[in-house]
Amino acid sequence: MKAFLAQHRMALDDAKQKLLASPLSAVLSLIMIGTALALPVAGLLVLDNLRSLAGGTPQVQQISLFMTASADSEAAGEIEARLRAARPGNWRFVSRDEALERLKLVEGVSEILESLPKNPLPDAFVVEPADIRPEAVENLAQVFSSWPNIAHVQLDSDWVRRLDVFLRIGKLALFMLAGLFGGALVIITFNTIRLQILAQASEIEVARLVGATNAFIRRPFQYFGLLQGFLGGLFASLLIFSGSWLLSEPLDDLVALYGAVWNFHGLNFQTIAGMAAIGAFLGWFGAFLSVTVHLKKMG
Amino acid sequence: MITARALFKRYPQGIEALKDVSFEIGAGEMVFITGHSGAGKTTLFRLLAAIERPTSGSLLINGKNIGALSASAIPYLRRKFGLIFQDQKLLFDRNALDNVLLPLKIAGLSVQEALRRARAALDKVGLLDREKASLLTLSGGEQQRLAIARAVVNRPTILLADEPTTNLDQDSAAEILGIFRAFHQVGVTLIIATHDPRWIARLSPRILRLDRGSLQDSAECFNPRP
């Protein structure tokens with residue numbers, strides 16, 4: 001067991017030396033691997049932020065319940081009671097007078113409203129659903145439509161639904177892109193290891209002649225792939241972190257102009273660890289394939 | 001210890017390198033495999049070192065048939081041999097000590113134990129003071145002694161050498177043979193493939209003479225270790 005651990009430590013040291021032996025080539029590889037990992041993850045991060053933006057913007061996930069013109073305060077009370085029982089989320093009553101006052105604040109509308117003989121607006125309830133999934137909001141709107149004295153139910157989330165579809169397509173495309181880049185990472189490592197094996201062919205031959213097993217020969221290369229992928233994952237995190245840091249403030253300002261409350265969220269620890277782990281696995285896998293193929297060729 | 005029975009080795013091009021070779025080598029013997037160039041000495045060396053497998057026949061080393069061993073078992077068998085090659089197969093990008101350390105690292109020894117053994121092996125061949133030397137600064141004889149140090153560092157019971165004195169001057173060759181004799185005296189089985197007749201008289205080994213792949217005479221001059 002001690003010998004086994006000692007050999008693994010030796011292989012890891014060997015892999016570290018290989019990385020440090022050619023720093024320029026190591027940095028270039030890290031940039032390639034980091035970029036390949038960062039692009040899909042950054043895309044997913046953007047989509048995730050868009051989703052939270054859609055969920056966090058006022059007037060987006062709202063259902064407006066307009067009552068009939070003849071509905072009186074008793075009818076409004078009944079709707080209020082139903083809402084209390086149904087507990088759809090937050091809601092508030094907007095009386096016809098309040099609505100008129102708000103409408104008067106809109107430039108150019110005030111004069112028109114003044115000319116009208118009476119307030120044409122109905123009483124209304126504005127519901128902000130707790131469950132903001134498009135299908136849940138749709139169902140809720142249907143339920144509200146069936147209530148008495150409700151003339152019209154306006155769902156303000158049509159574009160959210162469209163956005164949701166767009167986000168799902170985007171996510172799928174990014175997963176495909178991640179698959180492609182993952183494959184590229186494996187190929188990069190495969191080729192790096194191939195060159196190393198060719199450069200160390202005589203050393204491998206001698207090691208075999210003095211009793212090295214294939215596992216012994218493979219180990220430093222596989223550690224190299226693992227280490228390079230791991231560092232590539234960390235480098236990708238650094239790229240995304242830098243991008244998030246640069247963009248977060250201007251984006252927050254932009255979103256605030258639309259009256260939304262939103263904070264751009266960057267990478268968390270789990271994502272960074274996940275990227276490093278995926279990088280390490282893909283690097284190891286590329287090295288494993290390369291060593292298997294080339295050791296077989298060498299007999 | 002080593003038993004060969006009806007050993008044949010044919011290469012794909014139709015060349016028959018060994019034909020019906022049979023012999024036995026006991027523990028502690030010193031055996032020279034001799035013959036002209038192309039006689040099959042190196043082929044027999046490669047079969048004994050499990051670098052190649054016989055086409056037919058059996059080659060038993062310590063009761064294990066080399067031809068029937070799985071590929072994964074071969075490295076463990078090789079660790080019991082000391083192999084010395086005609087071209088030495090040293091690593092020129094490493095110093096003398098690192099070359100000798102390689103088999104010990106493969107065997108999984110601790111760093112301290114590996115260093116202790118490697119230095120002891122270098123001492124035996126008179127290269128302890130050159131442990132940090134680049135191989136490019138070593139003479140041909142020193143390189144061959146280094147190859148011997150690497151071969152014996154794992155304390156093998158069988159030492160196999162292929163033309164160990166080729167390209168060496170008289171003095172260096174005498175040094176190498178002196179080292180071999182010392183190992184033979186402590187019980188190591190020595191099998192040396194050579195076409196250099198100068199040393200046979202000096203060491204009085206047992207001779208296995210090959211001619212165009214066939215064993216001409218065996219068991220002559222049998223001289224067990226003193």
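With an 8 Å Cα cut-off and a minimum separation of 6 or more residues, compute the relative contact order for the stretch A:63-156 in percent.
Values: 120 pairs, mean separation 48.9, N = 94.
Averaging sequence separation for qualifying contacts and normalising by length gives 52 percent for the stretch A:63-156.
Determine which residues of the stretch B:80-97 fall in the zone a paramagnetic label at residue B:169 would reach in this model, i.e. backbone nitrogen under 19 Å from the point 7 Å along Cα→Cβ. Under 19 Å, as judged by backbone N against the label point of residue B:169, lies no residue of the stretch B:80-97. For the stretch A:120-144 versus the stretch B:122-183, the inter-centroid distance based on Cα atoms is 91 Å. Here each label is just a point 7 Å from Cα along the line to Cβ, and for residue A:25 and residue A:87 those points are 6.5 nm apart.
The residue B:204 and residue B:182 beta-carbon pair, evaluated with R₀ = 22 Å, returns a calculated FRET efficiency of approximately 0.90.
With helices as the sole contributors, chain A gives -25500 deg cm²/dmol at 222 nm; each DSSP H run of n ≥ 4 counts as -39500 (n - 2.57), and the sum is divided by every residue. The 3J(HN,Hα) values that the Karplus relation (6.51, -1.76, 1.60; θ = phi - 60°) gives for the stretch B:63-79 are, in residue order, x, 9, 7, 4, x, 9, 6, 6, 4, 6, 8, 4, x, 5, 5, 5, 5 Hz. Gly and Pro appear as x. Label separation (residue A:80 vs residue A:258): 3.4 nm, computed from points 7 Å beyond Cα along the C-beta direction. Once the Cβ-Cβ distance of residue B:10 and residue A:296 is raised to the sixth power relative to R0 = 22 Å, the FRET efficiency obtained is 0.40. In the context of the full set of protein chains, residues of chain A present 56 Å² of accessible surface per residue (probe radius 1.4 Å, heavy atoms only).
With point charges of +1 on the Cβ of Lys and Arg and -1 on the Cβ of Asp and Glu, referenced to the Cα centre of the protein assembly as shown, which listed residue (A:69, A:294, A:3) lies farthest in the positive direction of the dipole? Final value for the positive-end residue is A:3. For residue B:64, a cut-off of 27 angstrom between C-alpha atoms picks up these lysines, skipping any fewer than 8 places away in its own chain: A:296, B:9, B:19, B:41, B:80, B:89, B:105. The relative contact order of chain B, computed from alpha carbon pairs under 8 Å that lie at least 6 residues apart in sequence, is 30 percent. Remark: chain B carries 43 Å² of accessible area per residue (probe radius 1.4 Å; ligands, DNA and RNA excluded).
Taking 7 Å along the Cα-to-C-beta vector as the label spot, tell me the residue B:71-residue A:269 distance in nanometres, rounded to one decimal. In this crude spin-label approximation the distance works out to 4.5 nm. When the charge dipole of chain A is built from unit charges on Cβ atoms (+1 for Lys and Arg, -1 for Asp and Glu) and taken about the Cα centre, the candidate among A:152, A:44, A:12 whose Cα reaches farthest toward its positive end is A:12.
For chain A, averaging the sequence separation of C-alpha pairs within contact (under 8 Å, six or more residues apart) and dividing by the residue count gives a relative contact order of 30 percent.
Loop exposure criterion: chymotrypsin sites (Phe, Trp or Tyr not before Pro), DSSP state outside H, G, I, E and B, at most 14 other Cβ atoms within 10 Å. Applied to chain B, the longest stretch between such sites is B:93-221. Calculated mean residue ellipticity, 222 nm, chain B: -9500 deg cm²/dmol, from DSSP H runs (n ≥ 4) at -39500 (n - 2.57) each, averaged per residue and rounded to 500.
When the residues A:237, A:25, A:70 are ordered by accessible surface, computed with a 1.4 Å probe over the protein chains alone, the sequence from largest down reads A:70, A:25, A:237.
Using 10 Å bins from zero, what percent of all Cα-Cα pairs in the stretch A:63-156 falls into each bin? Spelled out bin by bin, the stretch A:63-156 gives 16, 45, 28, 11, 0 percent.
The values are calculated or read from the model by the stated rules, or taken from the named source; none is laboratory data. Worth saying up front: this structure is predicted, and the values here are computed from it rather than measured. Counting neighbours? That spans all protein chains shown, and the Cβs are built from the backbone with ideal geometry, glycine included. We work out accessible area using only protein heavy atoms, side chains counted, and drop any ligands, DNA or RNA first. Shrake-Rupley method; radii C 1.70, N 1.55, O 1.52, S 1.80 Å.
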